[in-house]
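This report concerns only the one structure given below.
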Amino acid sequence: MLRTLTFSLLMSVGAVAYAADGAAAVAPALPTKAEVEALITKGQAWLMSQAQPSGAFVPGKRYTLGISQLAVEAMASEPFAIPATDPVIAKALAFQTSFLQKDGGCYEPEGTPNYTTSLALKVFAATKTGDAATIQKAQNYLFGIQNVDAASNSNGGIGYGSKGAGFEDLSNTAFALEALKASGVPASDARMQSALKFLEKCQNLSSVNKLPWVTGDGGGVYAPDESKAGGSVNPDKGSPQESTKLVSYGSMTYALISSYLTLDVPKNDPRVQAALAWVTKNYQFDANPGMPVGADKNGKPREKQGLFYYYAAMAKTFDLLDAQALTMADGKQVDWRMDLFKTIKSKAMHGEGGKGMFWVNPDAERWGEGFPHLTTCYMLMALKRIHASL
């Protein structure tokens with residue numbers, strides 16, 4: 001247990017935890033595996049009921065490929081993994097194949113090439129499908145859109161793939177790194193190590209990031225020149241320039257930590273420790289911490305933007321860390337699995353005609369969270385991480 005942190009990661013669920021002053025504190029109660037499995041089963045039932053004749057999991061045209069890929073990835077993992085031979089999943093895999101491009105990418109003409117190519121690699125890994133040549137071409141495509149300008153603060157980062165160099169961000173880069181690693185690219189690859197330097201420029205940590213906006217709180221931001229939570233040093237990005245000090249926020253801080261771990265950065269590395277100290281200080285479930293409080297132009301609460309992505313990123317990160325009970329700065333004991341499970345359960349909605357359960361962000365539709373198909377995928381992934389950690 002690392003005493004240098006404001007939290008402790010306990011290696012056994014049933015152990016008695018100890019606060020900073022040495023006083024014993026009983027570890028929080030946990031959800032049972034059966035409780036988690038019940039929600040997973042209902043979530044998968046709802047997603048399967050949404051399967052379209054085309055093989056997609058969402059009607060219409062917007063986000064069709066990406067959401068369908070997320071659905072396959074989510075349902076292909078344990079528990080209750082649905083195999084590639086299942087007729088619905090097989091049709092979804094054929095749907096994905098129809099978007100493979102000659103340049104090696106997998107994307108729609110007006111889509112988000114990095115996200116969907118990354119998801120293709122993750123789907124291949126999750127379903128144990130995809131031939132070696134197709135996988136290598138997709139890997140080469142992702143590396144082909146990586147920023148290689150040594151003079152750029154975004155060097156090593158990866159963007160959407162549709163905007164050109166200079167628009168790299170942590171979210172896109174995190175997706176690509178996870179996909180590349182899952183498909184067999186080692187963290188030691190020089191291009192992956194170049195991405196590591198980009199991650200540092202997205203961390204609010206003066207020991208590794210010398211950009212002038214850094215205040216040193218340890219959290220993560222969207223890009224070296226922009227934060228979706230507030231602040232921009234590049235007016236061309238189109239974000240409100242509320243401040244030239246970029247604001248750290250929850251979803252990107254978890255994405256930062258998981259990306260460091262993907263690149264085999266040790267758990268006790270100062271970069272990981274600093275980011276973990278930030279999420280412990282900002283441990284909450286009613287908002288995406290760091291996002292500005294107040295209504296957006298549509299009257300929706302800005303602090304709830306990206307909330308379900310935040311939940312999924314939290315579950316992935318704590319599972320990768322083997323984190324269980326956490327000790328807050330005030331000595332209070334919490335367990336992320338119980339807290340997150342209770343939150344997810346409280347937000348579940350019954351499907352029409354009793355067909356399972358789904359999730360949606362009614363408070364903030366930004367970043368696609370108004371699509372229940374997307375947010376249900378996020379929650380399935382989070383639930384399966386909780387289950388794996390129990």
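Descriptive notes on the structure:
- The chain, helix-only ellipticity at 222 nm - DSSP H runs n ≥ 4, -39,500 (n - 2.57), divided by all residues, nearest 500: -13500 deg cm²/dmol
- Per-residue Cβ neighbour counts within 10 Å put Leu70, Leu390 in the sequence Leu390, Leu70, beginning with the fewest.
- Top of Ala364, Ala71, Ala195 by mean-square fluctuation, Gaussian network on the chain, Cα under 10 Å: Ala364
- Among Ile135, Tyr222, Ile145 - extreme Cα towards positive end, dipole of segment 122-243, charges at beta-carbon: Ile135
- HN-Hα J in Hz across segment 215-221 - Karplus 6.51, -1.76, 1.60, θ = phi - 60°, x for Gly and Pro: 10, x, 7, x, x, x, 10
- Residue of Asp149, Asp131, Asp319 that the Gaussian network model of the chain assigns the largest fluctuation, springs spanning Cα pairs under 10 Å: Asp131
- Rounded to the nearest 20 debye, the dipole size of segment 86-162 about its Cα centre is 200 debye, using +1 on the Cβ of Lys and Arg and -1 on the Cβ of Asp and Glu.
- Test item: Cα-centred dipole of the chain, Lys/Arg +1 and Asp/Glu -1 on Cβ, debye: 240 debye
- Point-charge dipole on Cβ atoms (K/R +1, D/E -1) for segment 266-340, about Cα centre, debye to 20: 260 debye
- Sorting the segments 113-119, 332-338 by their residues' average number of neighbouring beta-carbon atoms within 10 angstrom, most packed first, yields 113-119, 332-338.
- Sorting the segments 249-261, 280-292, 304-316, 203-215 by their residues' average number of neighbouring beta-carbon atoms within 10 angstrom, most packed first, yields 249-261, 304-316, 280-292, 203-215.
- Residue ranges 373-379, 150-156 sort as 373-379, 150-156 when ordered by packing (mean number of other C-beta atoms within 10 Å per residue, highest first).
- Relative contact order for segment 73-220, counting Cα pairs under 8 Å that sit 6 or more residues apart, in percent: 17 percent
- Cα gyration tensor shape of segment 31-171, rounded if a/c is under 1.5, else prolate or oblate by comparing a/b with b/c: prolate
FYI, it's all coordinate maths here, none of it is from the lab. Since this is a predicted model, take the numbers as computed values, not measurements. So basically every Cβ, Gly included, is an ideal-geometry build from the backbone, and we count neighbours across all protein chains shown.
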